[in-house]
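Structure record follows, encoded as structure tokens.
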Amino acid sequence: MLTATHSKTTAHGQLIDNENVYLADTVLAGTAMCFDFGEQRIGVAIGEHIVAQAQAITSISNESNSVRFNKIAELVAEWQPSLLVVGLPLNLDGEETPVTQLCKKFARRLNGRFNLPVILIDERYSSVAASELLKQAGVKGRAQKIHLDQMAAQTILQSYFDSI
């Protein structure tokens, strides 16, 4: 059950930290796990703050919330992140969309379930950048579909690393 959300805006995005567990020294020395939230799929990427290099790892298909969060729990147990990063979908003009609220709810659930700080990062253009990266790797057209969400998560996480 979630309690009142402690959130503040940082230089890198909006921080959600219900338990005040964000300790900069710990977070910046650890692993970051990033999610590109979507109603159909959630892309996942991972990276170490020390190296500041993001890597796409998987996509989680649209299933029940319990199945999604069980898969996320497995990834959290495997990778032991100190920070979760979530791409925040906004219109091109910066306004929120209906998916923005779903994404914020997802981020609050991540924070509540895993007791890890979550940073929301503006994800505008991440899918376009991910598609371009896939084209450069020789993946085109429909073949991109299965990789696009995890590549978008990689792009979002790399954006976060580049901001610090």
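Considering each residue of region 44-54, count those that are of a type outside the set (Gly, Ala, Ser) and surrounded by 15 or more Cβ atoms within 10 Å (Cβ to Cβ), and give that number. Matching residues across region 44-54 total 4. Taking the criterion of being farther than 18 Å from residue 22 by Cα, in a strand (DSSP E or B), touching a residue at least 60 places away in the same chain (Cβ under 8 Å) and in contact with a Gly (Cβ under 7 Å, 6 or more places away or on another chain), would at least one residue in region 45-53 satisfy it? Yes, there is a match, as at least one residue in region 45-53 is farther than 18 Å from residue 22 by Cα, in a strand (DSSP E or B), touching a residue at least 60 places away in the same chain (Cβ under 8 Å) and in contact with a Gly (Cβ under 7 Å, 6 or more places away or on another chain). State whether one or more residues within region 62-72 are aliphatic (A, V, I, L, M), part of a helix (DSSP H, G or I), surrounded by fewer than 19 Cβ atoms within 10 Å (Cβ to Cβ) and out of contact with any Lys or Arg (no Cβ under 6 Å at 6 or more places or on another chain). Yes, region 62-72 contains at least one residue that is aliphatic (A, V, I, L, M), part of a helix (DSSP H, G or I), surrounded by fewer than 19 Cβ atoms within 10 Å (Cβ to Cβ) and out of contact with any Lys or Arg (no Cβ under 6 Å at 6 or more places or on another chain). Being within 15 Å of the chain's Cα centre (by Cα) and touching a residue at least 24 places away in the same chain (Cβ under 8 Å) is a property that residue 73 has. Of all positions in region 4-25, none carries a residue that is touching a His at 6+ places or on another chain (Cβ under 9 Å), under 21 Å from residue 149 (Cβ atoms) and either modelled with pLDDT of 85 or more or of a type in the set (S, T, N, Q) (or both).
The values are calculated or read from the model by the stated rules, or taken from the named source; none is laboratory data. Predicted model only: the values in this text are computed from it and were never measured. Heads up, the Cβs are rebuilt from the backbone with ideal geometry, glycines too, and the neighbour counts pull from every protein chain shown.
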